[in-house]
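Read through the structure below, which is laid out as structure tokens, and then see the notes.
No lab work stands behind these numbers, since they all come straight from the coordinates. Because the structure is predicted, anything quoted here is derived from the model rather than measured. Because the Cβ atoms are built from the backbone with ideal geometry, glycine has one as well, and the counts that use them run over all protein chains shown.
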Amino acid sequence: MVDISGVQNAVEPVSDMTAPHPALPGWSGGLGPAEVVAGVGRTELVDAVEEAVVAEVAARVTEASDALLDYERHGAAGPAGAEPRELRRPVDLEVVIPAYNESGRLPATLTAMVAFLSEQPWTSRVVVVDNGSVDDTAASVLAVDGRACNVATGWCVEVVAIGCSRAGKGAAVYRGLRTSRSRFVGFTDADLSTPMETFRPVMDALEGGAAAAIGSRHAPGAQIATRQPLGRRLGGAAFRAVSRPLLPGVRDTQCGFKFFDRAAVQSALWRSRSVGFAFDVELLRHVRDDGGRIVEIPVTWTDAAGSSLRPVRDGLAAFSAVARLHAQLGGGRPERPLDEVVAATPRRTSTTPTAALRAAGSPA
């Protein structure tokens with residue numbers, strides 16, 4: 001038998017498990033890592049770790065489910081002209097379009113958007129996120145040339161289709177934002193209620209350092225070309241009133257035209273849980289809480305026919321979602337001095353790396 005008494009005697013008994021190790025720096029509040037592990041502040045640590053693990057597992061499960069959905073709908077090669085979601089090459093601007101039963105709108109929308117974006121001094125991609133449609137939404141995306149090019153400029157705009165198994169517009173938008181690797185990324189609706197010319201001041205704002213550039217129907221200079229029915233206008237006014245404390249100074253949180261610096265929005269995404277009517281309120285709140293600047297772009301907005309909104313049921317769901325955000329987040333930070341509204345001015349020369357290369361002599 002091996003005699004270990006000498007080893008046992010050499011081990012100094014630990015009398016105080018909460019004493020910080022002298023070689024480790026103290027944490028805020030005077031606590032050292034050993035204190036936290038031993039129990040001081042353990043509740044907060046466990047809660048934070050548990051929340052992060054649950055969120056990560058949920059995200060991984062959703063990603064796996066969505067990848068399977070992509071495979072089942074489009075086959076191993078994916079939709080024509082598309083790359084696997086994790087291999088999408090970075091571009092200057094990635095436009096996410098959440099789609100649920102939009103086969104009637106998408107072909108015309110995608111054709112017009114590709115034609116417009118291919119003429120701009122930045123590279124673009126359009127990503128349609130099929131949110132469990134039961135019509136021919138996926139097929140309507142495939143009907144559009146997956147890599148349309150502008151003959152005059154030689155620059156191409158890819159059209160990519162991916163799936164989202166979780167119901168809710170917010171879930172579809174989040175998947176598009178989360179899987180992007182482009183410099184700027186955001187979303188717009190398939191009905192093109194916000195004119196595509198709004199992309200120009202949006203890109204100016206983002207290139208100028210804004211974390212978010214959002215279309216606004218209520219900022220000075222905005223115009224409503226076609227108004228919504230009275231009931232929807234009243235509901236929208238009430239929604240703005242109850243959500244305003246969460247985002248002081250932001251005049252319109254619900255215009256479906258929002259674009260972000262990718263790093264800023266992906267930093268905010270991991271804390272965002274809403275997938276219903278208040279998802280963009282929560283996302284903007286997290287962007288601002290991180291110190292990001294939000295710029296509102298006045299738009300000329302047209303109410304498109306064929307909305308699937310159910311005023312009473314969806315209105316109640318929207319107010320319930322905002323109430324949950326109030327309980328979760330509390331009041332919003334005061335309006336930051338850098339938050340602003342800008343006029344839609346003529347576009348200045350783009351400063352994106354791609355534009356710089358073009359100016360240096362690439363085909364234009």
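I need 294, 224 ordered by Cβ neighbour count within 10 Å, fewest first. If you can, show how the numbers build up before the last one.
Details: 294 26, 224 14.
Placing the least packed residue first, the sequence is 224, 294.
So what J values fall out for region 291-297 if you push phi through Karplus, 6.51 cos²θ - 1.76 cosθ + 1.60 with θ = phi - 60°, rounded to Hz, Gly and Pro as x?
x, x, 8, 9, 10, 9, 10
How far, in nm, would the chain grow between residue 237 and residue 136 when pulled straight, counting 0.36 nm per residue and subtracting the alpha carbon separation? Intermediate results must be reported in sequence, preceding the final value.
On the way: separation 101, 0.36 × 101 = 36.36 nm, distance 3.46 nm.
In short, 32.9 nm is gained.
Quick check: residue separation of residue 151 and residue 112 times 0.36 nm, minus the Cα distance between them. What number comes out in nm?
Numbers: separation 39, 0.36 × 39 = 14.04 nm, distance 1.50 nm.
So the chain would gain 12.5 nm between residue 151 and residue 112.
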